[in-house]
Amino acid sequence: MKKILTTLLFSLISFTPVLAAKPEINCGWLPGCDDNSTSSSGHSDGPIEFVVHIIGELIQYVAVLAVIVLMISGIMYLVSGWEEEKVKKAKTWIIWSLVWVLLSISAWTIINLINNITITL
């Protein structure tokens, strides 16, 4: 058990730099969004900026949660004792956590692609 917890701890530490780089969302291409309007607390003022900020935060938390679930499901697979039902449950968890990791990476990529688009009228 000590070896499993040590491996889990080192895995979390190794993912920290990757997950700390949350996507910066530039909502300047949305109508009604003003990136330059910030209040004295440093937060954007409008409702669109608020929603954009929340989406960026959610992507980061989903990615962290998906990686944690992936590690937990790997541990479930290791300690299943090759019982068919436990192995099946662990494999299902592994598949769904990989889906969520891919979705969060895709969302991060799409946001960065949109941020690089400049629209001139």
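We did not get these values from a lab; they are worked out from the coordinates using the rules stated. Note that the structure is predicted; figures quoted are calculated from it, not measured. Counting neighbours? That spans all protein chains shown, and the Cβs are built from the backbone with ideal geometry, glycine included.
Quick notes on this structure:
- Label-to-label distance, nm, for residues given as Ile119 and Ile95 (7 Å Cα→Cβ offset): 3.9
- For region 57-121, diffusion coefficient by Stokes-Einstein and Kirkwood Rh (Cα), 4 °C, 1.567 mPa s, µm²/s: 97
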